[in-house]
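Rule-based calculations on the coordinates, nothing more; no lab input. What you are looking at is a predicted structure, and each value in this text was computed from that prediction instead of being measured. A quick note on method: Cβ atoms are made from the backbone with ideal geometry, for glycine too, and the neighbour counts reach across all protein chains shown.
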Amino acid sequence: MTIEIAPGALMPIALIFGLLVGSFLNVVIHRVPLGQSIVFPPSHCPECEAQIKPWDNIPILSFLWLRGKCRGCGTSISLRYPAVELLTGLLFAAVAWRFGPTWWTTTYCLFAAALVAAAMIDHDHQIIPDSISLGGLVASLLVVPAIQAHYGEVWLEALVRALIGALVGGGVLWFVAFLHARVSVAMGREFEHWPGEGEDIPRPGEADYWLWFPGLGLGDVKLLAMIGAVVGPAGVVDTILASSLVGLILGGAQAIARGALGRPFGFAPAIAIGTVAILFLPPFWLLRVL
C-alpha cells in the first residue's frame, strides 16, 4: 500500500513541509537546551521581546522580506534560522525523491528532523537532549517494526532487528569510549574537561566509571542507539564508519579554526551527516569502498 500522492507533487509538498518543520526546529534548538517550553510563550524577538506575527514567521520568505531584521527593533536575525529551514526542506525533498510515496518517506523525514535538532544543539551546547535521543529510540522501536510489518515482514523479526540495531549502534560507541577512558587512565593522560577540576578519576564501583568518558558524551551513545533502531544493524555499522570519517574532517577543521587541538566539540553533527549519507546508500556500501 502506498500513500496516494501524485509523483510530481510529492517533492514540492515535502519541501514545503520541511521548511515549516525547520521553522519549528529553530524553536526546539533554541529552547530545549535552556529547559524552556517549545509552546509558550509564542515566538518572539529575543532583543525587544515583541511577539512575531504569523506573516513575519513564514520560512525563508519572511527573512528575505524583512531583510534579516526584526520588524520591531531592527535587530539582525541570524542567518542560521533560514539556513536550518532550508536544510530541513531540502532533506525532506531528498527523502521524498529517494523513497517515493511510502510510509518510509514520512518516517525518514521525521528522523532527519530529529538529527538536525540533535546536531545543532550538540554544536551549540555539547549536549544531546534525552527527549530527542531516548524519545526517538522509543518511537523508532514502535514505528519502524510496524511499517516493516505493514509491508509484509514479520513484526517480531522486525522488532528484533531494530533492537539489535539499537544495541549495536549504542554498544559499539559505548565500548570505544569506555576502552579509550581505561587506556587513557593507564597511560596517565590528562584532559582539561575530564574528570574535572578537583575531581578524582571514577572507580569501578561508581556509575561514572561506566558512563562518563573523556572526549565523548553518553548522549552520542543514546543517539546512535536511536539511529540503529531505524537503520538496523547493517546500516548503523556503516553509519559509525561514515560518522567517524566526517568527525575527523569536522574536528580537524575546528582545530585549525581555533588554533588548538584537543578541545571538545559536539560529535552529533558528524553523526547526523554520516547517517543521512547512509540513508541514500546500500547497506555496507562504505565497507566495500574501504
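Let me know the shape class of the range 1-106, please: from the alpha-carbon gyration tensor, a ≥ b ≥ c as square roots of the eigenvalues, rounded when a/c is under 1.5, otherwise prolate if a/b is greater than b/c, or oblate.
Details: a/c = 2.82, a/b = 1.98, b/c = 1.42.
The shape class here is prolate.
Taking a sphere under 15 Å around the Cβ of Ile271 and counting the other residues whose Cβ falls inside, with K and R at +1 and D and E at -1, yields a net charge of -2.
Put simply, the C-alpha atoms of the range 126-290 give a gyration tensor, and the ellipsoid matching it has half-axes of 31, 19, 13 Å, longest first.
Magnitude of the charge dipole for the chain, about its Cα centre and with charges confined to Cβ atoms of Lys, Arg (+1) and Asp, Glu (-1), is about 640 debye.
I need the Debye-formula profile for the chain: one equal scatterer per C-alpha, no solvent, reported as log10 I(q)/I(0) at q = 0.07, 0.10, 0.11 1/Å, two decimals. Log10 of I(q)/I(0), two decimals: -0.30, -0.62, -0.74. The listed peptides 51-60, 181-190, ordered by packing as a protection proxy, come out as 51-60, 181-190 (highest mean of other Cβ atoms within 10 Å first).
Let me check I've understood the local charge: for Gly232, count other residues with C-beta under 15 angstrom from its C-beta, Lys and Arg +1, Asp and Glu -1. What total comes out? Around Gly232, the charge tally is -2. Local charge for Gly74 was computed over the other residues whose Cβ lies under 15 Å away, with Lys and Arg +1 and Asp and Glu -1, and equals 0. Under 5 Å between amide hydrogens, built in the peptide plane, is the criterion, and for Lys69 it picks out Ile77 among residues at least 5 positions away or on other chains.
When the helices of the chain are scored as -39500 (n - 2.57) per DSSP H run of n ≥ 4 and the total is divided over every residue, the value at 222 nm lands at -22000 deg cm²/dmol.
Which shape class applies to the range 131-175: rounded if a/c is under 1.5, otherwise prolate when a/b exceeds b/c and oblate if not, where a ≥ b ≥ c are the square roots of the Cα gyration tensor eigenvalues? Could the numbers behind the result be given before it?
Values: a/c = 3.93, a/b = 1.60, b/c = 2.46.
Oblate, since a/c reaches 1.5 and b/c is not below a/b.
Estimated translational diffusion coefficient (Stokes-Einstein, Kirkwood radius over Cα pairs, 10 °C, 1.306 mPa s) of the range 94-197: 97 µm² per second.
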